[in-house]
1. Of the residues that make up region 184-194, is at least one free of Cβ contacts under 8 Å to residues at least 12 places away in the same chain and surrounded by fewer than 21 Cβ atoms within 10 Å (Cβ to Cβ)?
2. Kindly indicate whether Leu179 is in contact with a Ser or Thr (Cβ under 7 Å, 6 or more places away or on another chain) and in the same structural domain as Glu233 (by TED's automatic domain parsing).
3. Quick check on Glu96: is it modelled with pLDDT of 70 or more and either part of a helix (DSSP H, G or I) or out of contact with any Cys (no Cβ under 7 Å at 6 or more places or on another chain) (or both)?
4. Looking at region 236-247, I want the residues that are assigned by TED's automatic domain parsing to the domain that holds Glu169 and without any contact (Cβ under 8 Å) to a residue 60 or more places away in the chain and have a partner that is in a helix (DSSP H, G or I) and surrounded by fewer than 18 Cβ atoms within 10 Å (Cβ to Cβ) with Cβ atoms under 8 Å, at least 6 apart or on another chain. Which pairs are those?
5. Identify, from the list Gly228, Gly211, the residue that is under 24 Å from Phe151 (Cβ atoms) and touching a Ser or Thr at 6+ places or on another chain (Cβ under 8 Å).
6. Conditions: (1) in a loop (DSSP other than H, G, I, E, B); (2) modelled with pLDDT of 70 or more; (3) among the charged types (D, E, K, R). Glu128 meets all but one. Number of the miss?
7. Being surrounded by fewer than 19 Cβ atoms within 10 Å (Cβ to Cβ), closer than 14 Å to Ile175 by Cα and charged (D, E, K, R) is the filter; apply it to region 195-235 and report the residue that is farthest from the chain's Cα centre (by Cα).
8. What number of residues in region 174-183 are under 18 Å from Ser237 (Cα atoms), free of Cβ contacts under 8 Å to residues at least 60 places away in the same chain and among the aliphatic types (A, V, I, L, M)?
Amino acid sequence: MSDLQLIFLGSSGLLVLIVFSILFVVYYKQKQAEQKVAMQELKAEMQRQLLESSLEVQEVERRRIAKDLHDEVGAMLSMTKMSFNQLLKKIKTSAELTEQGKTTKEFLDESISQVRRISKELVPSTLEDFGLISALDEFIQKIHIASGVLFIFNHEGIEESQRFDKKIELTIYRIAQELVNNALKHAEAQEITLKLLAKTNKIGFIFTDNGKGFDLETVKKDPKSGLGLRNIESRLSVVNGTLSIKAGIGQGTNTKIEIPLLKNHS
């Protein structure tokens, strides 16, 4: 074999080695990138599951507190009221004591009503029994009576009795509570519109108020005022929902939420 042939063979072998090395490096880098993406996806899924578990624990605790309020505090107040009624019958001879007794009885009645209200708000039984539309309608009716704020509630493409996945219904209901409370407490809104929209593969919720508005970027940076917004984002992350907010000082707010439908329930 001539020197030229040896040089050619050596060069060819070196070239093959170089190409192989480059391909190996590219393959290795690609695998590293795929592993990195897989790890990020796994981390995101673990965070989502952790958040979902946290929200479930919160709901379980709400149920426990509501049950304690209804079964123990409510029952104790009712027995106190019965006992007090018996006492009132025995002190009718004194007009002053009778009047004081009636006032105290009114306080007891109000306390019992408040315990029932708080218990129901902690666990929205209407949501569980009749669905999202009935629960939202009941919620805004109560707020309207208490505050005088005008509510407009529309639902397009959704029957009143139509049911969705429980997680989706609870998520929208809790977010609606958060948004209404913010609109009344911070924005001082006098008119609030809620709209539910159902499409083939997702459900939308649009919330609009005519309050004094806010600067979205400032709120996001503030640990205190941005807490409600982060709560909403956390709830939506559990059901893979998206959030869009349009707000400005003196311009009110418009909040749009979209959630993929998991499974319809009749």
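1. Going residue by residue through region 184-194, those that are free of Cβ contacts under 8 Å to residues at least 12 places away in the same chain are 185.
Now drop any that are not surrounded by fewer than 21 Cβ atoms within 10 Å (Cβ to Cβ), which leaves 185.
Yes.
2. Yes; evaluated as a whole, the condition is true for this residue.
3. Values: modelled with pLDDT of 70 or more: no; either part of a helix (DSSP H, G or I) or out of contact with any Cys (no Cβ under 7 Å at 6 or more places or on another chain) (or both): yes.
Here the answer is no, as Glu96 does not meet what is asked.
4. Leu243/Glu233; Ile245/Leu216; Ala247/Leu216
5. On the way: Gly228 fails: touching a Ser or Thr at 6+ places or on another chain (Cβ under 8 Å).
Checking each option against the conditions leaves just Gly211.
6. All conditions pass for Glu128, except number (1).
7. Within region 195-235, the match that is farthest from the chain's Cα centre (by Cα) is Lys195.
8. So the count comes out to 1.
The values are calculated or read from the model by the stated rules, or taken from the named source; none is laboratory data. Note that the coordinates shown come from a computational prediction; the quantities given were computed from them, not determined experimentally. Cβ atoms come from the backbone with ideal geometry, glycine included; neighbour counts cover every protein chain shown.
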